[in-house]
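Below you'll find the structure, written out as structure tokens, and then a few comments.
The values are calculated or read from the model by the stated rules, or taken from the named source; none is laboratory data. These numbers come from a predicted model, not from an experiment. Neighbour counts are summed over all protein chains in view; Cβ atoms, including those assigned to glycine, are modelled from backbone coordinates with ideal geometry.
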């Protein structure tokens, strides 16, 4: 009988970089104030050309530069970063390099984890640069709410499907959610490894939705912890290729639904979803 893996209490941080610019220094500087615990950082680099990740790693003893060799996408890059750490690292943060950490935010997430022994992932309250709260703890997409949001969310922002899917009217309290934004996650290593991490087929977008679903299916919980706060500057590395990112988003949305609705009986509906997403993409890129 195979001995179950045992994990320690060390803290690791993984951020996937792709020419992150000046945001990375802010990420690392504010991270120092987010926890009193020692931690190690891996910069899983997907092909930066600005030299910023290499410079940051050279200047900080607890930061390691890891070249993935190519642009693997967000989830696969994060997996490579996590794999650098041994089992003594029982807690792993996966976060975008354009996150600014609130003081004590990481320690607040870890404190919440002690209250949720079946918590597999923990997400903070995420603010936009203008101070607005981003809806980062949501329901899993369904054929009603999720598809309605995906198809008409950009053109009819106050539609009922988007409001329900984003849980816009839900009180901002510590609670479980279907999934949490992958822009900033504290992961219990036992839970993350039990589902083999992110699905690398999702190049960009929906890798966090898929992870939240699989964590839940494996008997763990996704826990929203709004007492911990971060700010997501947003979009630095993707702003130059927004049309490509929109296309990746729509492809991932379709993959998520197709993965969960297999068989000939679902083909007509999936064809309609694909057509709706294609139309939305056409309208968005035309703008």
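Points to keep in mind about this one:
- Looking only at segment 59-68, and only at residues there that are free of Cβ contacts under 8 Å to residues at least 24 places away in the same chain and touching a strand residue (DSSP E or B) at 6+ places or on another chain (Cβ under 8 Å), the one that is surrounded by the most Cβ atoms within 10 Å (Cβ to Cβ): 65
- Residues that are exposed (fewer than 14 other Cβ atoms within 10 Å of the Cβ) and either at pLDDT below 95 or part of a loop (DSSP other than H, G, I, E, B) (or both) within segment 22-57 comprise 22, 32, 33, 36, 37, 38, 49, 51, listed in sequence order.
- Answer residue from segment 158-191, given it is crowded, with 18+ Cβ neighbours inside 10 Å, out of contact with any helix residue (DSSP H, G or I) (no Cβ under 7 Å at 6 or more places or on another chain) and part of a helix (DSSP H, G or I) and is modelled with the lowest pLDDT among those: 166
- Those residues of segment 115-130 which are closer than 20 Å to residue 188 by Cβ and assigned to a loop (DSSP other than H, G, I, E, B), in sequence order: 116, 117, 118
- Counted residues, segment 90-129 - those being in contact with a strand residue (DSSP E or B) (Cβ under 8 Å, 6 or more places away or on another chain) and more than 14 Å from residue 227 (Cα to Cα): 18
- Scanning segment 97-112 for residues that are free of Cβ contacts under 8 Å to residues at least 60 places away in the same chain, over 15 Å from the mean Cα position of the chain (by Cα) and surrounded by fewer than 20 Cβ atoms within 10 Å (Cβ to Cβ) turns up at least one hit.
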